[in-house]
1. If you take the residues in region 50-71 that are surrounded by fewer than 21 Cβ atoms within 10 Å (Cβ to Cβ) and among the aromatic types (Phe, Trp, Tyr), which one is nearest to the chain's Cα centre (by Cα)?
2. In region 139-161, which residues are of a type in the set (Gly, Ala, Ser) and either at pLDDT 95 or above or assigned to a helix (DSSP H, G or I) (or both)?
3. Would region 210-228 turn up any residue that is under 29 Å from Ala21 (Cβ atoms), modelled with pLDDT under 85 and in a helix (DSSP H, G or I)?
4. On the basis of being at negative phi, under 24 Å from the mean Cα position of the chain (by Cα) and in contact (Cβ under 8 Å) with a residue 40 or more places away in the chain, does Phe32 make the cut?
5. Quick test of your reading of the structure: Ser113 fulfils all but one of (1) modelled with pLDDT of 95 or more; (2) more than 30 Å from Trp14 (Cα to Cα). Name the failing condition by number.
6. Out of (1) surrounded by fewer than 22 Cβ atoms within 10 Å (Cβ to Cβ); (2) under 15 Å from the mean Cα position of the chain (by Cα), what's the single condition that is false for Ile23?
7. Give the residues of region 35-55 that are under 21 Å from Leu168 (Cβ atoms) and without any contact (Cβ under 8 Å) to a residue 60 or more places away in the chain, sorted by residue number.
Amino acid sequence: MKSRYFLTDVKRLWKSYEIYAAILGVAAALAFSVEDFGLKNGNVLFTYFYATQMSGFKITFVFCTFAFAASICEDLEYKYVRFQTIRGGLKSYVASRVSVIYLSSVLTMVLGSLLFVLLCRIQGPWENEFDNGVFGVYAQLAERGHYVWYCTFCALQLGLLASMLSLLSAFFSLFITNRVLVLILPVLIYEILEELSGTGFQYDTIRVFHSYYQPFDQPWQCLLLLFAISAGTAAVLAVGIYRKLRARM
């Protein structure tokens, strides 16, 4: 029954327009972040790095949330939760929803980022002799000419951050009913963490998801750390969502 829940939610995701609009939205947000809609330093890799460091990049978290994070709140509003839990149980329902929110946020960030860099590639080279824009965890991939993979893994790290923010938004959607506020919550949470940042834990929590920050020598170690952080956060939020739903039913 748990797998049936998951497959149903996946079908619901890919049959809805939100996921496609969200992917386009991520690409548009990155383009907006560049400001003048041209290549920075004349190459794609530096332009992508520049876009992810500017304030406009935070809008991408709204689109990652837009894809599926509000689904639990909507199910409560239309009494769909009761219908679903009668068929298989609340735990299975929550596990499925959390999994799909997590995966959809990661995919939205990755696919939207790849769409952006491929559009940039039309305008110029991946790198040039003056500034190749290559450094950080996955620099070796770009040095070997695997530019798409380099951008994919950089976007994957940001997608893991987006998944945490989307699940936080889904959790808080059980307490608030304003859909617009639910969608902008990831940006607000990110801003709060930035304001609290300095040299302590909060700063590293944000910075570690950017590929320029390399806490370990090996890329797989860095990626494993990020997955552990995001998956652990997802598990904690799943418990919170389950308890809140059980209290409301």
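The values are calculated or read from the model by the stated rules, or taken from the named source; none is laboratory data. What you see is a predicted model, and the numbers here were worked out from it, not measured in a lab. Cβ atoms come from the backbone with ideal geometry, glycine included; neighbour counts cover every protein chain shown.
1. Phe57
2. Ala139, Ala142, Ala155, Gly159 - these are the residues of region 139-161 that are of a type in the set (Gly, Ala, Ser) and either at pLDDT 95 or above or assigned to a helix (DSSP H, G or I) (or both).
3. no
4. no
5. Single failed check for Ser113: (2).
6. (1)
7. Selection gives Ser55 alone.
Residues checked against (1) part of a helix (DSSP H, G or I); (2) touching a Pro at 6+ places or on another chain (Cβ under 9 Å); (3) modelled with pLDDT of 85 or more:
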residue	(1), (2), (3)
Leu7	yes, no, no
Val10	yes, no, no
Leu13	yes, no, no
Leu24	yes, no, yes
Phe37	no, no, no
Ile59	yes, no, yes
Glu74	yes, no, no
Arg97	yes, no, yes
Ile101	yes, no, yes
